[in-house]
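Let me begin by presenting the structure, written as structure tokens, before commenting on it.
The values are calculated or read from the model by the stated rules, or taken from the named source; none is laboratory data. Please read these numbers as outputs of a predicted model, since none were measured by experiment. A quick note on method: Cβ atoms are made from the backbone with ideal geometry, for glycine too, and the neighbour counts reach across all protein chains shown. SASA here: full protein model, heavy atoms, side chains in, ligands and nucleic acids out. Shrake-Rupley method; radii C 1.70, N 1.55, O 1.52, S 1.80 Å.
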Amino acid sequence: MPKKIPVRQCVACRQQKEKPQLARVTRTPDGKILYDPKGKVSGRGAYLCKSVSCLDKAIKSRALSRALDCEIPDEVYQTLRQQFAQEEGADGQ
């Protein structure tokens, strides 16, 4: 019997997808906001589709801030945008 793949919901577009298809953003116990590509960093996590458009939607609606239960500085959003753009570029090749 094949192993069951967990399903998570994107905080921006609210679509449910298998966990490996989503990106995890984590607020660590010491308050840092990190992109967590492996999904192993401890802390409060939120899932997003691996696209800049979903990240932009989450920023505009403040869904990511609500999901992580903290204010997120603009520098962190810029870093996340760069990491998502790199990942989109890598997937498109």
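The numbered conditions (1) surrounded by 18 or more Cβ atoms within 10 Å (Cβ to Cβ); (2) charged (D, E, K, R); (3) touching a helix residue (DSSP H, G or I) at 6+ places or on another chain (Cβ under 7 Å) are all true for Arg24 except (3).
In region 57-74, the residues that are within 14 Å of Tyr35 (Cβ to Cβ) form Cβ pairs under 7 Å with partners that are basic (Lys, Arg) and not in a helix (DSSP H, G or I), at six or more places apart or across chains, as follows: Leu68/Arg27; Leu68/Arg44.
Among the residues of region 34-93, the ones that are hydrophobic (A, V, I, L, M, F, W, C), closer than 11 Å to Ala12 by Cβ and buried (at least 18 other Cβ atoms within 10 Å of the Cβ) come to 9 in all. The residue pairs whose first member lies in region 17-31 and is of a type in the set (Asp, Glu), whose second member is open to solvent by 30 Å² or more (accessible area, probe 1.4 Å), and whose beta carbons are closer than 9 Å, counting only pairs six or more residues apart or on different chains, are Glu18/Ile5; Glu18/Pro6; Glu18/Val7; Glu18/Arg8; Asp30/Gly43.
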